[in-house]
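The next block holds one structure in the form of structure tokens; read it before the comments.
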Amino acid sequence: MARRLSHVIRSTDAGRTFAPLPAAEEECNCAVLGVASSATAVIGQVGERLLLLTDGGRHGRAVGPSGNDNYSWASIQFTDPQLGLALRDSEETGRRPNQLWRTTDGGHRWTLVHVM
């Protein structure tokens, strides 16, 4: 049985106590987290689709582009509860371009931003 190296925990009492988020219990040690609001966040792992956590992390569902082992999520940032950007790095330097993904609905749907 594999041992979990990391997990996402949340405090709802200004940091006095923390509890793991049920929807994100098996995240890899290299996951990145983007927080959209007090109830919504997005997690990205190497080779996986983004995971949208809602209801303070009690529920999660896969969103965004399909998983691809040649890419890893480098950054997920939200400017407000609706608008967010996610940077996806290519593991094959020079062969595949990095990708910039954008959401305007709090992480439910993601579209590729074409950068010249």
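Once the chain from residue 108 to residue 33 is taken as fully extended at 0.36 nm per residue, the excess over their C-alpha distance is 25.5 nm. Taking amide H as placed 1.01 Å from N in the peptide plane, the amide H of residue 48 sits under 5 Å from that of 68, each at least 5 places away or on another chain.
For residue 75, nonlocal amide neighbours, meaning residues 5 or more places apart or on other chains whose placed amide H falls under 5 Å from its own, are 87. Each residue of the stretch 78-85 is assigned a 3J(HN,Hα), and the resulting list reads 10, 8, 7, x, 10, 8, x, 10 Hz, derived from the Karplus form 6.51 cos²θ - 1.76 cosθ + 1.60 (θ = phi - 60°), x at Gly and Pro. Applied to the stretch 49-60, the Karplus parametrisation 6.51 cos²θ - 1.76 cosθ + 1.60 on θ = phi - 60° returns per-residue 3J(HN,Hα) values of 6, 5, 10, 8, 9, 10, 6, x, x, 6, 10, x Hz, with x for Gly and Pro.
Determine the gain in length on full extension of the stretch residue 58-residue 19; use 0.36 nm per residue of separation and subtract their C-alpha separation, reporting nm with one decimal. Don't jump to the answer; show the numbers that get you there.
Working: separation 39, 0.36 × 39 = 14.04 nm, distance 1.10 nm.
Full-extension gain reported as 12.9 nm.
The fraction of Cα-Cα pairs per 10 angstrom bin, counted from 0 for the stretch 26-116, comes to 18, 54, 24, 4 percent, rounded to whole percents. One chain, two ends: residue 68 and residue 11. Fully extended at 0.36 nm per residue, the span grows by 17.3 nm beyond their Cα-Cα distance. Qualifying GluC sites (Glu not before Pro) in the stretch 33-114, where qualification requires a DSSP coil assignment and no more than 11 other C-beta atoms within 10 Å, comprise 92.
A short reminder: the numbers here are calculations on the coordinates, not readings from a lab. Note that the coordinates shown come from a computational prediction; the quantities given were computed from them, not determined experimentally. FYI the Cβ positions are ideal-geometry reconstructions off the backbone, even for glycines, and counts take in every protein chain you see.
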